[in-house]
Amino acid sequence: MKNITFNHQINTHQSSLRSFAIRFTQNIEDANDLVQDTLLKAIRYSELYKEGTNLRGWLYTIMRNTYINDYRRQSKKLSIISTEEELTSAHLLKSSTNNQVENKFLNDDIFKALQMLEPAYYTPFMKYFEGFKYHEIAEELDIPIGTVKTRIHMARQVLKKALRIYSNNPSLTIN
């Protein structure tokens, strides 16, 4: 299929894509961005589209996957960066001494909890903690991706159990 023909065909679905995007985002500007991202990906990967199949379904799948990936990326970013409370120097000065003591105990307890993990759980968990993706860990360790996910989940459970003493302190909550 020629690029001009393909571009024309995907543009005919733009209004239905926008309606679909609004259901996801609940915001017109975000929906427009999602439609634009979807169309760009469709054009970029046009060679993957099989002529004669459902183009609208293919575009909806691209949109859904784009939205999910962006949502996950945003959720991860928000869980790392706290925007709930502005820290002032007074807050930092007041809490710095307590934080040093708490951090020493917390670090020691985390180290002990990590040592409790079996090597089969420790290695995938640490790789995930370092920022590796599941599929990268699976390739490096030469194990199925489902096994990687299970081992990381089990490691989290062991760590949560070992570190439950800190669960009452919201600033030290383990996810």
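The values are calculated or read from the model by the stated rules, or taken from the named source; none is laboratory data. In this text, all values refer to a predicted model and were calculated from it rather than measured experimentally. Heads up, the Cβs are rebuilt from the backbone with ideal geometry, glycines too, and the neighbour counts pull from every protein chain shown.
Going through (1) surrounded by 11 or more Cβ atoms within 10 Å (Cβ to Cβ); (2) at pLDDT below 80; (3) part of a loop (DSSP other than H, G, I, E, B) one by one, Phe132 falls short only on (2). Ile28 passes all but one of (1) more than 22 Å from Asn3 (Cβ to Cβ); (2) within 22 Å of the chain's Cα centre (by Cα); (3) at pLDDT 85 or above; which number fails? Only one criterion in (1) more than 22 Å from Asn3 (Cβ to Cβ); (2) within 22 Å of the chain's Cα centre (by Cα); (3) at pLDDT 85 or above is unmet by Ile28, namely (2). Taking Ile143 as the residue in question, decide whether it is surrounded by 11 or more Cβ atoms within 10 Å (Cβ to Cβ), assigned to a loop (DSSP other than H, G, I, E, B), on the phi < 0 side of the Ramachandran plot and modelled with pLDDT of 90 or more. Yes; evaluated as a whole, the condition is true for this residue. So in the range 40-63, with the set limited to residues that are charged (D, E, K, R) and in a helix (DSSP H, G or I), which one is surrounded by the most Cβ atoms within 10 Å (Cβ to Cβ)? That would be Lys41. With respect to the stated conditions, Thr88 fails to be at pLDDT 75 or above, polar (S, T, N, Q) and either surrounded by 11 or more Cβ atoms within 10 Å (Cβ to Cβ) or over 30 Å from Leu34 (Cβ atoms) (or both). Is the range 3-18 home to any residue that is more than 30 Å from Gly131 (Cα to Cα), modelled with pLDDT of 85 or more, surrounded by 13 or more Cβ atoms within 10 Å (Cβ to Cβ) and of a type in the set (A, V, I, L, M)? Among the residues of the range 3-18, at least one is more than 30 Å from Gly131 (Cα to Cα), modelled with pLDDT of 85 or more, surrounded by 13 or more Cβ atoms within 10 Å (Cβ to Cβ) and of a type in the set (A, V, I, L, M), which makes the answer yes. Scanning the range 105-129 for residues that are of a type in the set (Phe, Trp, Tyr) and either within 12 Å of Leu163 (Cα to Cα) or in contact with a Gly (Cβ under 9 Å, 6 or more places away or on another chain) (or both), which turns out modelled with the highest pLDDT? Restricting to residues being of a type in the set (Phe, Trp, Tyr) and either within 12 Å of Leu163 (Cα to Cα) or in contact with a Gly (Cβ under 9 Å, 6 or more places away or on another chain) (or both), the top hit is Phe111.
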